[in-house]
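Here the structure comes first, spelled out in structure tokens, and everything after it is commentary.
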Amino acid sequence: MASNKNNIKIHQHVKVVPPSSSIQSTTTTPLTLYDIIWLRFHPSERIYFYALRDPHSHPTFFFQEIVPNLKSSLSLTLQHFLPLAGKIVWPSDSSKPFIQFNPNDDDNGVSLLIAESDADFNHVIENSPHEASLTRSFIPNLESSDAFASTMSLQITLFPNCGFSIGITQHHAIFDGKSLSMFVKAWAYLCNKIIGFETPTLLPELEPLFNRDIIKDKNEKNAIEILSRISPTEKGNERSLKIFPSEPKLEESSRATFKLSREDLDKIKQNVLSKWEIFDTNKSKPQTLSSFILTCAYSVVTIAKAIHGVGKEKEKFAFTFAVDCRARLEPPLPNNYFGNCVSGDFIHLKPFDFEKEDGVFVVAKCIYEKIKMINEKGILNREKTGDRYKSIYNEGYKKVGVAGSNRFSVYENDFGYGRPEKVEIVSIDRGLGFGYGDSKDGNGGVEIGLVLNKHVMDHFSKMFHEGLCCN
């Protein structure tokens, strides 16, 4: 059947469930405060592009060999990640929503679309600016309503004689980026086992831990109250599980990927540290700065300058980012904990701070000091952080966010047909922000994904590359 999406043909739409032998009875998984705060937030969307060589790229081989392998290994993966085969529900007799998997419910399972596109594969994966709407054709929708919400949707799209993509739309209340990374690694690992005709067993480090009892948070009892403050619904509809609409900003927009090599990051670091001694003589400068701090400072300043270069009015900016709390909790969580365990924070500056010659230093210093404070004093109270955020929002600050991490090793996810040619965080087009991840080259560099107004993108691209030459 045909799809209403441009240049896409849908061949199959199925629900993938775990093997029936692995299902005993209905299972429920609680949602913690770290999950519930994301309950009505727009889904996260990521896409992996893989090139194929003959005969793998021929449609017959793809649909008869590759697709069955991907589907079978997905089913095997779900027996380890059983909550992902369920859905979020909020019965009237429950004080909180939770994940439920019922083997007798036909609506359970992960939605999987098998599609085909006539788009130019090489054009789709190029780093240079191209139409922002194009990638959206390869990302599935996530179902949500007042009564329930799906955990995840997948779309596998063939580009005949070129390659294929795996698009993932995840409900943010189910898992964060680190947990998504674990799931994709487990799926790729088991897919390789199926191709090799080995008995599929999962590596211990890829076995997810869903035990919520290990999280001790004094704000846990106030989870629903906090949700009501940050994501209010209409009166009488407080239990709605419908995700708030947040339409992608695609009109007159471009999508592009920019790279910072290890050498680029070192140049930015030396430039920032040299100014630290000049502008902050009262405090000792740090011995080093993380790739995260350097990338975010350089990117946010360049975005702000690009927007100012096009717009007549000077905007006020706030930079928002997430902090992984797993190692920061008492007691710390195991590395294989599956769910959400991130907390958000932000910095904000005066408009002209981004325009200054030392703007990258100023922003880098602010991010460094904020993270240092979190490491020393622990995660800040969410209600206070939320109140501070509302305050700057009411003052007209424009939010610039970041999604992803260079620690997820996304380019290592080989399903048996080679490493990805390109990995993109598609959902950055729902607001002003950028995707952040490790470099495909594996040289310690990073990649930055952006969706901006076409004119702003032109300014950004020019300043991004000129700034590296000057550093």
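Computed over the alpha-carbon atoms, the chain gives an Rg to Rh ratio of 0.96, Rh here being the Kirkwood radius from the mean inverse distance. For the stretch 256-414, a simple Cβ point-charge model (Lys and Arg +1, Asp and Glu -1, everything else neutral) yields a dipole of about 300 debye relative to the Cα centre. In the stretch 197-353, what % of DSSP beta bridges are antiparallel (nearest 5)? Of those bridges, close to 90 percent are antiparallel. In a simple Cβ point-charge model (Lys, Arg +1; Asp, Glu -1; nothing else charged), the chain has a dipole of about 1060 debye relative to its Cα centre.
Helix 359-377 axis versus longest C-alpha principal axis of the chain: approximately 60°, rounded to the nearest ten. Taking amide H as placed 1.01 Å from N in the peptide plane, Ala149 has its amide H under 5 Å from the amide H of Ile88, each at least 5 places away in sequence or on another chain. Computed over the stretch 200-277, the convex hull of the alpha-carbon atoms projects to a mean area of 13.8 nm².
Remark: the stretch 352-471 carries a charge dipole of roughly 480 debye about the Cα centre, counting +1 on each Lys and Arg Cβ and -1 on each Asp and Glu Cβ. Across every pair of non-identical alpha carbons in the stretch 235-357, the mean reciprocal distance, once inverted, gives a Kirkwood radius of 18.6 Å.
Between Thr28 and Asn394, the FRET efficiency estimated from the beta carbon spacing at R0 = 51 angstrom works out to 0.85.
Report note on the peptides 452-458, 11-17, 338-344: ranked by the mean count of other C-beta atoms within 10 Å, highest first, their order is 338-344, 452-458, 11-17. Using all pairs of distinct alpha-carbon atoms, the Kirkwood hydrodynamic radius of the stretch 1-155 works out to 17.7 angstrom.
Protein heavy-atom surface of the chain, 1.4 angstrom probe: 49% of the accessible area is carbon and sulfur, with nucleic acids and ligands not counted. Along the axis of the charge dipole computed for the chain (Cβ charges of +1 for Lys and Arg, -1 for Asp and Glu, origin at the Cα centre), the listed residues Val446, Tyr397, Thr169 are led at the positive end by Tyr397.
Size check on the stretch 308-402: the Cα extents along the three principal axes, sorted descending, read 49, 27, 22 Å. Helices in the chain, meaning DSSP H runs of at least 4 residues, each add -39500 (n - 2.57). Divided by all residues, the mean residue ellipticity at 222 nm is -9000 deg cm²/dmol.
Taking all protein chains into account, the per residue accessible area for the chain stands at 45 Å² (1.4 Å probe). Using only Cα atoms and rounding to the nearest 10 degrees, what angle (0 to 90) does helix 262-279 make with the longest principal axis of the chain? Once rounded, the angle reads 40 degrees.
Here's how it looks for Ile174: its modeled amide H is under 5 Å from none belonging to a residue 5 or more places away or on a different chain.
Dipole of the chain computed with +1 at Lys/Arg Cβ and -1 at Asp/Glu Cβ about the Cα centre; of Ile226, Ile37, Ser133, farthest Cα towards the positive end is Ile226.
For Leu468, the shell of other residues with beta-carbons less than 15 Å away shows a net charge of +1, using +1 for Lys and Arg and -1 for Asp and Glu.
Between Lys377 and Ser20, full extension at 0.36 nm per residue minus the direct alpha carbon distance yields a gain of 123.8 nm. Between Leu112, Ile428, Val323, the Cα set farthest toward the positive side of the dipole of the chain (charges on each charged residue's Cβ, about the Cα centre) is that of Val323. Sorting Tyr411, Tyr397, Tyr389 on solvent-accessible area from highest to lowest, probe radius 1.4 Å, gives Tyr389, Tyr397, Tyr411.
Rg/Rh for the stretch 281-331 stands at 1.13; both radii use Cα atoms, and Rh follows the Kirkwood definition. For the set Arg239, Arg53, the ranking by accessible area, highest first and with no ligand, DNA or RNA atoms included, is Arg53, Arg239 under a 1.4 Å probe. Seen against the Cα atoms of the chain and their longest principal axis, helix 291-310 is set at about 70 degrees. Comparing Cα centroids, the stretch 147-194 and the stretch 57-104 end up 10 angstrom apart. Dimensions of the stretch 119-232 along the principal axes, based on C-alpha atoms and rounded to the nearest Å, stand at 54, 42, 29, largest first. Taking amide H as placed 1.01 Å from N in the peptide plane, Ser405 has its amide H under 5 Å from the amide H of Tyr436, each at least 5 places away in sequence or on another chain. In the stretch 116-156, the alpha-carbon atoms span a convex hull of 96 Å³ per residue. The string of couplings for the stretch 313-318 from the Karplus curve (6.51, -1.76, 1.60, θ = phi - 60°) is 8, 8, 7, 9, 10, 10 Hz, one whole number per residue in order, with x for Gly and Pro.
When nucleic acids and ligands are ignored and a 1.4 Å probe is applied, His459 ends up with an accessible area of around 80 Å².
Ordered from largest to smallest accessible area (heavy atoms of protein chains, 1.4 Å probe), the residues Met463, Met182 come out as Met463, Met182.
The values are calculated or read from the model by the stated rules, or taken from the named source; none is laboratory data. Quick caveat: nothing in here was measured; it's all calculated off a predicted structure. As a convention, Cβ positions derive from the backbone with ideal geometry for all residues, glycine included, and neighbour counts pool all protein chains shown. The protein model used for the area step is the full one, side chains on, heavy atoms only, and it has no ligands, DNA or RNA in it. Shrake-Rupley method; radii C 1.70, N 1.55, O 1.52, S 1.80 Å.
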